[in-house]
Amino acid sequence: VHSPKKNLQGSNSRNSYFFTMELCMATTIMLVITSLTSSDSSSSPTNFEHWTPTTIIPILTNAAGGILVGLVTKHAGSVKKGFALIFGLLISGILQATLKSDDGLQKEHIIGGILASISLYLHGTNPYVAPPTTADAKKKKE
């Protein structure tokens, strides 16, 4: 089993658009199964009767965002994508705290910022070291 990062990066990488379509199909299948097995009456097929042309806007932006995430993961890697995500959360938290001055920073924001800072510190001070390959072990023996 390979991670999505391994599938999208390297010389034998897969097409990121095709990978996104595979994820979309798996999500669609799971949603259909969930709606068919749900006993809730709100999951009936008549849910679409109140849709308007503007209802499709969040669906399309979500799809475009999924494609962009796949492309970022392919070209920058999942670690840099994670750093960008943490930075984006930091910016949105600062904007929320300044623009919604009545709420201010809540306990959850501060704890999240501290945890993100700790994770960035730990990643910066403990870089990944690849395990030695068999070729490296043979060179040491010689």
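The values are calculated or read from the model by the stated rules, or taken from the named source; none is laboratory data. Bear in mind the structure is a predicted one, so any value in this text is a computation, not a measurement. Every residue, glycine among them, receives a Cβ derived from its backbone with ideal geometry; neighbour counts consider all protein chains shown. Surface areas here come from the heavy atoms of the whole protein model, side chains and all, with no ligands, DNA or RNA. Shrake-Rupley method; radii C 1.70, N 1.55, O 1.52, S 1.80 Å.
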So, over other residues within a Cβ distance under 13 Å of residue 87, counting Lys, Arg +1 and Asp, Glu -1, the net charge is +2
Amide H of residue 105 versus every other amide H placed in the peptide plane: which residues, excluding those fewer than 5 positions away on the same chain, fall under 5 Å?
none
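Can you list which of the trypsin sites (Lys or Arg not before Pro) found in segment 79-137 are DSSP loop residues with at most 14 other C-beta atoms within 10 Å?
Within segment 79-137, the qualifying trypsin sites (Lys or Arg not before Pro) (loop, at most 14 other Cβ atoms within 10 Å) are 100.
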Ranked from highest to lowest mean number of other Cβ atoms within 10 Å per residue, what is the order of the peptides 63-74, 121-132?
63-74, 121-132
Hey, what do the phi angles of segment 74-90 turn into as Karplus ³J(HN,Hα) couplings, whole Hz, using 6.51/-1.76/1.60 and θ = phi - 60°, x for Gly and Pro?
5, 8, 10, x, 6, 5, 5, 5, x, 5, 5, 5, 5, 5, x, 5, 4
Can you give the accessible area of residue 83 in Å² (nearest 10), computed on protein heavy atoms with a 1.4 Å probe?
80 Å²
Within 10 Å, count the other beta carbons around each residue, average over each peptide in 23-32, 87-96, and list them highest first.
87-96, 23-32
